[in-house]
Every structure is written in C-alpha cells, then in structure tokens.
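The next block holds one structure in the form of structure tokens; read it before the comments.
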Amino acid sequence: KEYQHIIASRPVPSVALLTLNRPKALNALSTPLFRDLNAALLEADAEKEIGAIVITGSEKAFAAGADIKELKEKDFAGAYNGDLFAEWSVITKIRKPVIAAVSGYALGGGCELAMMCDMILASPTAVFGQPEINLGVSPGGGGTQRLTHIVGKYRAMELMLSGRNFSAKEAEQWGLVNRIVGEGEGQVVKEAVDLAQNIASKGQIAVQATKEMINAAYELPLTEGVRFERRLFFGLFSTKDKQEGMTAFTEKRKPNWTHS
Ligand code: HXC
C-alpha cells in the first residue's frame, strides 16, 4: 500500500521494511506520519507471509523527535481533549518482532520510538538523546520509563536532565542497542533485514509467544512472570510446529513450519 509519510516495502517476502519519509523535517514524528506508520504496522502484523518488521529512517535521521511545530500549537486542553500521542502506543501492541535500524539522529520521540521496538541495530553514526528538557518539557513517549529501565537511574537522570546527546558507542555500552553494525550506507538496514529474515524463518507462534513472555518480564513480578511463561510454554505443546520441530530434530532434517 502507498503512504504519504512512510515507504512500506518488502525487501524479502517474509520481512516488512517501513521507512520513515519526511526528509525535509528529519523524519519529525507528526501525527499524520504516526497514522501512516500504525496503518503499515497493523497491515504487516496481519499479513501471514510476514514474520518480522524493520523500521528505519534516513542516513541523517532515524527521527529527530516529535514534530515540534505541531507541539508548539498545543495547550493542555488541546493535548488532553485530542488524546495527543494516543497513536504512539499502537506499536507496543504489534505481535510480530519489530527491529529499529537507526542511522543518524534518534532524538526525543525518535529515541522513544526506537525503544518501543523489540531490538535496535545502530550504525556508527547513530546519535541518541532525550533533549526535551531544552524545550521546556519532559519526554512524553515513554522515555523516562524505558530509558531508565535500560541505562539505570543515574545515567537516566543525567541524560534527561541535561538533555545531552549520546553516541552509538555509549548506547551499546549501556545495553540500549543490540549492536553497532559496520560502516557504510544502507548497512544498518541490510543487517536488520537479515536479522528479521532469520527470525521470520522460525515458527511464528513460538516467536510471538516468546516475545510476549519477554515483555511480561517488564510487567510482572518474577514468580508471576515464570508462571506466565510456563502456561504459554505448555500451550505451545499443542501446536503442529512443536510436533514438527521435535520430529525434524530426531529425523535429522530441517523443520517445515506451518505456523499452526
Ligand atoms: C519539527 C524538525 C524537528 C522536529 C528538525 N526539524 N527536527 N521539525 N520537529 N523535532 C526540521 C528543522 O526545523 C528544519 O526545518 C529541518 O528539520 C532540518 O533541521 P536543522 O535543524 O536545520 O538540521 P541540523 O542543523 O542538521 O540539526 C539537526 C538536529 C536539529 C540537531 C537534529 O534539527 C534538532 O535539534 N532538532 C530537534 C531535536 C529535538 O529537540 N527533538 C525532541 C523533540 S520533542 P526547516 O523548515 O527549518 O528547514 C519530542 C517530544 C517527545 O520529541 C514526545 C513523544 C510522545
């Protein structure tokens, strides 16, 4: 499908690649852009052949944040009544794995968008930051919560109170990115698509159930989380993919997943 603010493509049949496409505004995340992104995410989530999704921007900017020109016009009533940023939670409901491929600026809402993804690959040029403090506000897309969970209280305080940017190297040291890929234009997208294709080659029910279990680790106390895992794990024993996977192992051949 064609969108105005993003480009949706299929580099391989099993992977959806969603490219943010507002180059003149460094991919500032306006409400119309988010509506396009959400529609494409839901479409990819529903498409049987697709097993994983990659979100990327341009070489210069993954996304330079929420659209400041749009935010500038909002007061409390406007934000509250319009439920500003309601669009931002759709990505957290997507069941297939979502990988962020980050080059250039991932600032403010751009950093928050990356953190809402399930994995983050960064090119050496990636620059992260939560600079909202410099605009007289705070992060509003989950940054104070997700960044703090990842980098810890003290770094989170420094980063979000000073608003300073941080490099791909720092992000990697602190566990905010899976890895820094090699240099070169397009490399981060290539590696993200390879990773997505690898994941898409597994049984989708097991992949999506595992994603659900890992996300539960952020919501539930350990005993409840382990109970949740065990219930869903037992549930997987009723799938054809479980039968196929274990039979293929004993027959020393590759499994042929049917996602059922
Ligand atoms: C709207 C933006 C924008 C943004 C850049 N642009 N970022 N427009 N919202 N977040 C526009 C600029 O206005 C400019 O348009 C064009 O993109 C190119 O940007 P320049 O500033 O000229 O580029 P450069 O000098 O290379 O500087 C790049 C930059 C800088 C360092 C990334 O653009 C910057 O600081 N951007 C803002 C970063 C930021 O504060 N992000 C947080 C936003 S608040 P014109 O028309 O002038 O050429 C946020 C809240 C989150 O994200 C809440 C989420 C729920």
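Take Arg22 and tell me if it is within 21 Å of Gln208 (Cα to Cα) and either open to solvent by less than 10 Å² (accessible area, probe 1.4 Å) or modelled with pLDDT of 95 or more (or both). Spelling it out, it is not the case that Arg22 is within 21 Å of Gln208 (Cα to Cα) and either open to solvent by less than 10 Å² (accessible area, probe 1.4 Å) or modelled with pLDDT of 95 or more (or both).
Taking residues in the range 8-35 that are more than 16 Å from the ligand (Cβ to nearest atom), and partners anywhere that are part of a loop (DSSP other than H, G, I, E, B) and open to solvent by 50 Å² or more (accessible area, probe 1.4 Å), the pairs with Cβ atoms closer than 6 Å and at least 6 places apart or on different chains are Pro13/Glu49.
When residues in the range 95-113 are screened for being under 12 Å from Ala61 (Cβ atoms) and among the hydrophobic types (A, V, I, L, M, F, W, C), 5 of them pass.
Does Ala217 meet the test of being modelled with pLDDT of 95 or more, in contact with a Gly (Cβ under 7 Å, 6 or more places away or on another chain) and open to solvent by 30 Å² or more (accessible area, probe 1.4 Å)?
When the stated conditions are applied, Ala217 passes them.
Pairs are defined by a Cβ separation below 6 Å, a sequence spacing of at least 6 or placement on different chains, a first member in the range 176-193 that is within 15 Å of Gly104 (Cβ to Cβ), and a second member that is β-branched (Val, Ile, Thr) and not in a loop (DSSP other than H, G, I, E, B); the pairs so defined are Val177/Ile120; Val181/Val188; Val189/Thr56; Ala192/Val54; Ala192/Ile99. Sub-7 Å Cβ pairs linking a first residue in the range 234-252 that is of a type in the set (A, V, I, L, M) to a second residue that is assigned to a loop (DSSP other than H, G, I, E, B) and exposed (fewer than 13 other Cβ atoms within 10 Å of the Cβ), at least 6 apart or interchain, are Ala248/Lys254, ordered by first then second residue. Selection of the range 67-102 for residues being within 8 Å of the ligand (Cβ to nearest atom) and within 16 Å of the chain's Cα centre (by Cα) yields only Trp88. In the condition set (1) surrounded by fewer than 24 Cβ atoms within 10 Å (Cβ to Cβ); (2) at pLDDT 95 or above, Phe85 is compliant with all but (2).
Scanning the range 26-73 for residues that are surrounded by fewer than 18 Cβ atoms within 10 Å (Cβ to Cβ) and closer than 23 Å to Gln187 by Cα yields Ser58, Glu59, Lys60.
Quick check on Thr258: is it open to solvent by less than 50 Å² (accessible area, probe 1.4 Å) and among the polar types (S, T, N, Q)? The answer is no for Thr258. Looking across the range 112-128, the residues that are within 20 Å of Phe85 (Cβ to Cβ), open to solvent by less than 10 Å² (accessible area, probe 1.4 Å) and more than 8 Å from the ligand (Cβ to nearest atom) come down to Leu113, Ala114, Phe128.
Against the numbered list (1) part of a helix (DSSP H, G or I); (2) within 24 Å of the chain's Cα centre (by Cα), Glu219 comes up short only at (1). Of the listed requirements (1) away from the ligand (no atom under 12 Å from the Cβ); (2) over 30 Å from Lys202 (Cα atoms); (3) among the polar types (S, T, N, Q); (4) buried (at least 21 other Cβ atoms within 10 Å of the Cβ), Thr148 misses just one: (4).
The residue pairs whose first member lies in the range 128-150 and is free of Cβ contacts under 8 Å to residues at least 60 places away in the same chain and within 15 Å of Val177 (Cα to Cα), whose second member is open to solvent by 60 Å² or more (accessible area, probe 1.4 Å) and of a type outside the set (Gly, Ala, Ser), and whose beta carbons are closer than 6 Å, counting only pairs six or more residues apart or on different chains, are Gly129/Asn165.
The values are calculated or read from the model by the stated rules, or taken from the named source; none is laboratory data. Keep in mind the model is a prediction, meaning the values are calculated, not measured. When we count neighbours, we look across all protein chains shown, and the Cβ atoms used for this are built from the backbone with ideal geometry, even at glycine. In case anyone asks, the SASA skips ligands and DNA or RNA and just uses the protein heavy atoms, side chains included. Shrake-Rupley method; radii C 1.70, N 1.55, O 1.52, S 1.80 Å.
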